[in-house]
Every structure is written in structure tokens, then in C-alpha cells.
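Please read the structure below before turning to the comments.
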Amino acid sequence: MTWSPPLREELRGVEPYGAPQLDVPVQLNTNENPYGPPAEVVAEIATRVAQAAGRLNRYPDRDFTALRSALRDYLAAESGVRVAVEQVWAANGSNEVMLHLLQAFGGPGRVAMSFAPTYSMYPEYARDTHTAWVEGHRHDDFSFDLDHAAALIAEHRPSVVLLPSPNNPTGTALPHDVVGQVAALVGDGVLVIDEAYAEFRRTGTPSALELLADHPNLVITRTMSKAFAAAGLRLGYLAADPRVCDALRVVRLPYHLSSTTQATALAALAHAPVLLGRVDQLRKERDALVRWLRERDFAVADSDANFVLFGRFDNRRAVWEQLLDHGVLIREVGPAGWLRVSIGTPDEMEAFKDALTKVGRQ
Ligand SMILES: *Cc1c(COP(=O)(O)O)cnc(C)c1O
């Protein structure tokens, strides 16, 4: 008998998502924090995980109340906005948080929307939840095109609009007035502001958390994968109206956050200032790289994140490959002609600049 798996029609031939995980000396391709957790945090994680391990025969706290409360306190300290514990939700990475949002608020006959260049995972959440996907565009300088967005939203009436701020892959943050106006345009739908990179924003750039009280349809997602130096933990979260969190409880798998995940996240949050201790240095490193690239006449998008989008190249693939030959892995992503580099340690940035100088423009 010849048998092949009964794969859904729309999944046939689709490649799994993911940046290449290559073993090269300088990895600047997935926007991780280059600094591992300090020894004191590792020790605290080990202690708390050992405690959790002693109770592994039991299911974890399904509502992860202690963790929600710690995340709430962290958000208040970071942004000055204090929400209720019932307004916080978390899952295994903000990718799972967003899948929950699509499971609850997308679905057959509904539309999810974003504006390119945007995060390349969004269409996959839509596909996996049988939600139609509509992608508009930004202005050529990557700023938000409100008139275009208003027209597209009026035409398709999306139930979910996803906007990263700072945007991946461009680094562009959204001003308050844009977020407020899009929230109004989205009306009965939800507007998800994906603040995966919020901690890296430049002084004076606001967080959309400040708008939460005025817009019940606003959802702000965050993650511990980037500034928090905990990509391996898989912990993302959001702040929203409590009714949004109640809806997500319906679609989540029971006990989706393991005891060890909760213990690790609590240990990390107890040491938030230490884990975030390198953020200022990474921001300075980013601003220095932007200047360095501009001095050499590269086009560079303003960045509020821990990466920089630069170009423009006639053959970006060749540049990407030749940087790799020099041991430097960056990301071929975003509009044609551009490349994205994550901010690493000073040594890594030197290696990147040396390699780029050798490779030159193509
Ligand atoms: C990295 C990133 C995330 C974080 O994903 P996790 O699942 O939390 O690791 C979310 N949104 C954007 C735009 C990102 O670049």
C-alpha cells in the first residue's frame, strides 16, 4: 500500500518556519541578547526548578497566578502602567500567546491583518487557525500609512490586526496617535501591538501600555526572549482587557505552562534588573552601529530595537553568503535589497563591521 500522511491541502510543500541555526562564531541573526544570565540568576533558577521538580507528580498551577502577578509587577516597573493580574496572560513564547489570540478571535470567515514589512510568523498563525490573511503595506520609509490602513480595514473588517512596535524587521516604533487611531478603526476587532523589543526603545519612545486604559480592544504582547536574555525559556505574555484573558483561557491547552517554566520565569523576574542590565549597553551599541553604517553611505532604518535593517544591495543574497564565509551570520529578511543584523557584544560588532568592510557593497 502506498500511503502518505493526510496533510491539509494548504500545508502541502510548505517549509517549516525558522532562521538557519548554523554553528558559526558570530551569530547576529535572531535578535537574541548576546549575554547569558549571570551566575547568581543561574543559581536562583536551579534552586527554584529543584523545588518544582520535587512536585512534578502534580500538574502545575493552571492559572499561573504567581507568575501573572510577577509579570504585572515587572510591567509596572518598566512602563509605569499598573494593570490587574486578571489583565495578564502568558504562554510558551509570545508566538503561542499570538496563536491563542488567533484561536480565540480569528477563525473561518474572519480576517487577520498586518502591514508589510512585518513579522513573518503572523501569516502562519492565521493559516493554522483557518483565518484569512490580508497584508497591507507601510510607507517607503517604513512609517505607518494611516490612510492606506483605514481603507484596508474598512474593506476587510479584520477581527485581529497585528502590529509590531518596534517593528520587526525595520525597528520602527509606532507613535501613540497612530496606535490610538488604528484601535478606533479596528472597532469591534482587537489591535495587537507586539512589543517584543519594547525594552530597547529609545528615550522618549512610548509603550502602547500607556493607551490600554483608553482602548479596551488593545492587546500589548511582550516576551522574555529578547531584552530579558531568556529566549530558551519560552515565555511570552500580554496585557489586555480582562475579558480578552478570559477568552484565551478557553482555547489554551490545560496546564500549558509547565511547573519548570513557571519556576524559571519567576526566578528570572525576581532578578529582572540584573537580566536587563545589558540593555542600555546594547542600545548604545545599536546607535553606534547606525552611525557607522550611515557614515559609509548605507541606507539604515531608525531603530528602537536590538537590530538594524540596512541596505540597499542589488544582491543581498551574495552579501549575506559572503558575511557567512567570514563567520558572521545575519538575517536575509525584509524588503528586497535590505539585510538585518542583531546587536551583539562589542567584539561581535567589530567582527561584523570588519566582515562587511571586506565584503563591500554588491
Ligand atoms: C522575537 C519576536 C517575538 C518573540 O517570540 P517568542 O515566541 O516570545 O520568542 C515576537 N514578535 C516579534 C515581532 C519578534 O521578533
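The values are calculated or read from the model by the stated rules, or taken from the named source; none is laboratory data. All values reported here derive from a predicted model rather than from experimental measurement. Quick reminder, even Gly has a Cβ in these numbers, built from the backbone with ideal geometry, and neighbours come from all protein chains shown. Heads up: the accessible areas ignore ligands, DNA and RNA and are worked out on the full protein's heavy atoms, side chains in. Shrake-Rupley method; radii C 1.70, N 1.55, O 1.52, S 1.80 Å.
Working ranking of peptides 239-245, 100-106 by packing, defined as the average number of other Cβ atoms within 10 Å per residue, highest first, is 100-106, 239-245. With a Förster radius of 41 Å applied to the beta-carbon distance between Glu15 and Thr65, the computed FRET efficiency rounds to 0.55.
Extension gain, Asp73 to Ala336, is 90.6 nm, computed as 0.36 nm per intervening residue step minus the present C-alpha separation. When the P(r) is computed for region 269-362, the part past 18 Å accounts for 44% of the Cα-Cα pairs.
Compute the Rg/Rh shape ratio of region 115-161: radius of gyration over Kirkwood radius, all on alpha-carbon atoms. Expressed as Rg/Rh, it is 0.98.
Using the Cα atoms of the chain to build a convex hull, what is its mean projected area in square nanometres?
On the way: hull surface 82.1 nm².
The Cα convex hull of the chain, projected and averaged over all directions, gives 20.5 nm².
So, R0 is 22 Å and r is the distance between the beta-carbons of Asp302 and His176; what FRET efficiency does that work out to, to 0.05?
Working: r = 17 Å, r/R0 = 0.77.
Rounded to the nearest 0.05, the efficiency is 0.85.
A cut-off of 5 Å between modelled amide H atoms, ignoring neighbours fewer than 5 places along the same chain, links His137 with Ala116. Highest mobility in the GNM of the chain, judged by mean-square fluctuation with C-alpha springs under 10 Å and restricted to Gly54, Gly232, Gly80, is found for Gly54. Taking amide H as placed 1.01 Å from N in the peptide plane, the amide H of Gln362 sits under 5 Å from that of Asp314, Asn315, each at least 5 places away or on another chain. With a simple spin-label model that places each label point 7 Å from the Cα along the Cα-to-Cβ direction, the separation between Ser4 and Ala184 comes to 5.2 nm.
Distance between the C-alpha centres of region 133-153 and region 59-103: 29 Å, rounded to the whole angstrom.
Counting every pair of alpha carbons in region 97-256, the share spaced more than 25 Å apart comes to 24 percent.
Ordering of 182-190, 8-16 by packing is 182-190, 8-16, highest average first (other Cβ atoms within 10 Å, averaged per residue).
Rounded, prolate or oblate, given the Cα gyration tensor of region 188-281, with a/c below 1.5 counting as rounded?
oblate
Sort the following peptides by mean Cβ neighbour count (other Cβ atoms within 10 Å, averaged over residues), highest first: 318-328, 302-312, 147-157. Present the calculation step by step, with values, prior to reporting the outcome.
Details: 318-328: 17.3, 302-312: 23.5, 147-157: 14.6.
Peptide ranking by packing, descending: 302-312, 318-328, 147-157.
I'd like to check one number: the per residue accessible area of the chain, probe 1.4 Å, reported in Å² as a whole number.
Per residue, the chain has 45 Å² of solvent-accessible surface.
The modelled label-to-label distance between Ala150 and Glu86, using points 7 Å beyond Cα along the C-beta direction, is 3.6 nm. Think of it as helices only: each DSSP H run of n ≥ 4 in the chain is worth -39500 (n - 2.57), and spread over all residues that comes to -11500 deg cm²/dmol at 222 nm.
When a 1.4 Å probe is rolled over the protein heavy atoms, the share of accessible surface on the chain that falls to carbon and sulfur comes to 50 percent. Extension gain for Lys358-Ala231 works out to 42.6 nm (0.36 nm per residue, less the C-alpha to C-alpha distance). Using the Cβ-Cβ distance between Glu321 and Glu210 with R0 = 51 Å, the FRET efficiency computed as 1/(1 + (r/R0)^6) comes to roughly 0.75. D for region 289-338, whole µm²/s, Stokes-Einstein with Kirkwood Rh over alpha-carbon pairs at 37 °C and 0.692 mPa s: what number? The diffusion coefficient I find is 286 µm²/s. Cα centroids of region 208-251 and region 1-36: 25 Å apart.
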